[in-house]
Every structure is written in C-alpha cells, then in structure tokens.
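> Okay, here's the structure, questions in a sec.
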Amino acid sequence: MTGSPLPFLLLTALFLAGVCCAVVRTNVVRMVLGLGIAGTAASLLLAVLGRGGAEAGAAGANPAASASASAADAAAGAAATGGAVAPALAAAVIVVGLATLILAAALCVRLYDRHRTADISEIRRLRG
C-alpha cells in the first residue's frame, strides 16, 4: 500500500473517540452513540484496508513478467473483484450496525420511560 496514512489515522481517532464516549460517559444515550460511532469507524477502516489491498495488488501485476497476457488479465480481474468485496462487506456491516443502534435507542427510550433518568449510575442505584 503506497497511499497516505491519513485515512487510517482519522478512522483510528474516530474509533477511539467512540470507545471513549462509550466508556467514560454515564448517560446511556451517549454510551449507545459512542458504540455506534466506534462500530462505523471499524467498518470504514475495513473498507479502506480492503480498497488499499486491491490497489496494491493491481499495481503489482506486471503483464511483461507474466507468462501470457490472459494470466495478467486474470490477475488484474481478481484484484479488482477482491477490492470490491471489502467495501461491500463494510456496507453490510454498517447497515446491521445501524439496525442495532436503532434497537439500542429504542431500549434507551424504554429505560427512560421506566426510570425517568438516563444516568446509568442513578439507574443502578434505583435497582433496589
């Protein structure tokens, strides 16, 4: 991979911000949003890593060094197809993560309706 490390650094920072938000906060809604941010950042990192690997594989295919032009075309086609798998998988993971986030938000609403607070320490104290 000859690309810039900037996307990796940004996505890593976004992931760490999401984990920090989920761990440090006591508000249930902010914890759920932090986990959603961390999951989306991890999925996007998967897509960026998959796309970078396909570019490196396509750049490494040298038609002059191969035995025939058809073998080089097959290698380039495999690299191009492999590059589309990771972003498609990341998109599917993001959709599943969003569905999970919506379910968690609905549970947060029910929790607030029952206890009239979103503070997790207060809810633990009221457990009885």
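The values are calculated or read from the model by the stated rules, or taken from the named source; none is laboratory data. Predicted model, so just to flag it, every value in this text is computed and none were measured. Neighbour counts run over all protein chains shown; Cβ positions are idealised from the backbone, glycine included.
> Can you run down the residue pairs with Cβ atoms below 6 Å, 6 or more apart or on separate chains, where the first is in the stretch 110-125 and under 20 Å from Val23 (Cβ atoms) and the partner is assigned to a loop (DSSP other than H, G, I, E, B)?
Between residues of the stretch 110-125 that are under 20 Å from Val23 (Cβ atoms) and residues that are assigned to a loop (DSSP other than H, G, I, E, B), the close pairs are Asp119/Thr26; Ile120/Thr26; Ser121/Thr26.
> Please give the number of the condition Ser4 fails out of (1) modelled with pLDDT under 85; (2) part of a loop (DSSP other than H, G, I, E, B).
(1)
> Also: What's the number of the only condition in (1) exposed (fewer than 15 other Cβ atoms within 10 Å of the Cβ); (2) of a type in the set (A, V, I, L, M); (3) modelled with pLDDT of 85 or more that Ala41 fails to meet?
Of everything listed in (1) exposed (fewer than 15 other Cβ atoms within 10 Å of the Cβ); (2) of a type in the set (A, V, I, L, M); (3) modelled with pLDDT of 85 or more, Ala41 misses just condition (1).
> Something else: Hey, Val93 hits all of (1) farther than 19 Å from Gly3 by Cα; (2) modelled with pLDDT of 95 or more; (3) aliphatic (A, V, I, L, M) but one; which does it fall short on?
Among (1) farther than 19 Å from Gly3 by Cα; (2) modelled with pLDDT of 95 or more; (3) aliphatic (A, V, I, L, M), the lone unmet condition for Val93 is (2).
> Could you check Arg125 against (1) over 23 Å from Val24 (Cβ atoms); (2) at pLDDT 70 or above; (3) exposed (fewer than 14 other Cβ atoms within 10 Å of the Cβ) and say which number it fails?
(1) is the only condition that Arg125 fails.
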